[in-house]
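The values are calculated or read from the model by the stated rules, or taken from the named source; none is laboratory data. Note that this is a predicted model, so its numbers are computed, not measured. Note: ideal-geometry Cβ built from the backbone for every residue, glycine included; neighbour counts use all protein chains shown.
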Amino acid sequence: MQQDDHRSFHLLRIDAGCNMRRFYAASVQPTLFGGVSVIRNWGRIGSSGRMRIETFDEADQADDALDTLIRTKRRRGYRSAEAIGGGQSDAEPSGLNAPGKPDV
């Protein structure tokens, strides 16, 4: 697979009234054995957070899982990092940036 095959997103949920500052990042990455993995990373902004890796046999299955995650998180109040504050490079704990954005 080429680098262009990777999909990723980075969402934030910030509510100062509740002292809530959370991030949620996920990406689709190829595995060494021909499968595709969805790598999820979430937690409080400024922490390394938690990580979960789900492996799928087909890229379509991984894309569907990623789309479901995006819909679920947006329903729960998460918004894109760019929409909240133009992105926060110091708040990106996992290095999972949007496609085309270099790691800082």
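Below are the figures for this structure:
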{"quantity": "Pairs where the first residue, in region 5-33, is more than 22 Å from Asp60 (Cβ to Cβ) and the second is among the acidic types (Asp, Glu) and not in a strand (DSSP E or B), C-beta under 8 Å, 6+ apart", "calculated": "His10/Glu92; Phe23/Glu92"}
{"quantity": "Considering residues of region 71-104 that are polar (S, T, N, Q) and modelled with pLDDT of 50 or more only, the residue surrounded by the most Cβ atoms within 10 Å (Cβ to Cβ)", "calculated": "Ser80"}
{"quantity": "Residues (surrounded by fewer than 14 Cβ atoms within 10 Å (Cβ to Cβ) and on the phi > 0 side of the Ramachandran plot) located in region 18-70", "calculated": "Asn19, Gly34, Gly46"}
{"quantity": "Subset of region 22-66 that is assigned to a loop (DSSP other than H, G, I, E, B) and of a type in the set (A, V, I, L, M, F, W, C) - its residue that is modelled with the lowest pLDDT", "calculated": "Phe33"}
